[in-house]
1. Only one of Gln173, Gln130, Gln86 is modelled with pLDDT of 95 or more, within 24 Å of the chain's Cα centre (by Cα), under 30 Å from Val45 (Cβ atoms) and polar (S, T, N, Q); which?
2. In the range 24-83, which residues are in the same structural domain as Asp176 (by TED's automatic domain parsing) and farther than 23 Å from Pro106 by Cα?
3. Within the range 133-154, can you find the residues that are among the basic types (Lys, Arg) and either surrounded by fewer than 14 Cβ atoms within 10 Å (Cβ to Cβ) or on the phi > 0 side of the Ramachandran plot (or both)?
4. Outside any helix (DSSP H, G or I) and either modelled with pLDDT under 95 or in the same structural domain as Arg66 (by TED's automatic domain parsing) (or both) - does that describe any residue in the range 181-188?
5. Would you mention how many residues in the range 49-66 are in a strand (DSSP E or B) and farther than 21 Å from Ala80 by Cβ?
6. May I ask you to verify whether Arg83 is out of contact with any strand residue (DSSP E or B) (no Cβ under 7 Å at 6 or more places or on another chain), of a type in the set (Lys, Arg), over 25 Å from Ser175 (Cα atoms) and in a helix (DSSP H, G or I)?
7. Exactly one of these conditions fails for Thr29: (1) within 23 Å of Tyr170 (Cα to Cα); (2) surrounded by 18 or more Cβ atoms within 10 Å (Cβ to Cβ). Give me its number.
8. May I ask you to list the residues in the range 144-185 that are out of contact with any helix residue (DSSP H, G or I) (no Cβ under 7 Å at 6 or more places or on another chain) and acidic (Asp, Glu)?
Amino acid sequence: MSEEIDMVLLEAEEKMENAVAHSRAEFATVRTGRASPVLVEKLGVEYYGAETTMQQLASFSVPEARQLVISPFDKSSIGAIERAIQEADLGLNPSSDGVVIRLNFPMLTEERRKELVRMVKAMAEEGKIQIRGIRRSARHELDALERDGDASADDIQRAAKGLDRLTHDYEQQVSDALTQKEDELLEV
């Protein structure tokens with residue numbers, strides 16, 4: 001196969017890897033019954049007039065399965081962090097003792113678990129659609145190489161089969177991550 005074909009396939013694979021990573025990151029933002037810093041670390045906090053991520057303002061610890069402790073580096077930012085958590089509408093009430101902020105995660109109801117599973121399935125479908133879009137654009141590039149005479153029809157056909165295999169593999173990775181997240185959400 002030609003170098004151009006290899007470049008198209010390599011670029012497609014890289015983009016598909018990023019799509020899977022993005023889907024996993026999206027899944028991580030969905031709250032399960034367990035405490036996890038991932039849920040709040042990217043929240044924007046109004047800090048001295050600038051929007052700052054909570055990750056830059058505090059450290060996180062999980063002393064118990066259903067409790068997240070946020071320790072701000074600057075104690076004067078506690079009020080701003082509490083406000084950001086309340087405005088994010090996560091269904092959590094921050095409680096502060098002036099030094100740290102505690103978030104207690106309530107048990108999820110069966111109805112809420114099913115709602116979260118539907119949400120995660122929609123996220124997974126978006127990830128798969130993104131992967132198929134990458135496949136489509138790579139396929140157009142391959143067709144252009146054939147039209148321009150830069151590659152033979154046989155090489156393009158072999159590359160297309162490789163591209164389909166890649167697409168299937170990365171869609172499967174999204175499906176596996178979805179199954180894992182569903183199990184996590186439905187675990188009581």
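The values are calculated or read from the model by the stated rules, or taken from the named source; none is laboratory data. Keep in mind that what you see is a predicted model, and the values were worked out from it rather than measured. Reconstructed Cβ throughout: ideal geometry from the backbone, glycine too, with neighbour counts over all protein chains shown.
1. One residue alone meets the criteria, Gln130.
2. Correct list: Arg24 only.
3. Answer for the range 133-154, where residues must be among the basic types (Lys, Arg) and either surrounded by fewer than 14 Cβ atoms within 10 Å (Cβ to Cβ) or on the phi > 0 side of the Ramachandran plot (or both): Arg136, Arg147.
4. Within the range 181-188, one or more residues are outside any helix (DSSP H, G or I) and either modelled with pLDDT under 95 or in the same structural domain as Arg66 (by TED's automatic domain parsing) (or both).
5. Final tally of qualifying residues: 3.
6. Answer is yes for this residue.
7. In the conditions (1) within 23 Å of Tyr170 (Cα to Cα); (2) surrounded by 18 or more Cβ atoms within 10 Å (Cβ to Cβ), Thr29 misses (2) alone.
8. Correct list: Asp148, Asp154, Asp164, Asp169, Asp176, Asp183, Glu184.
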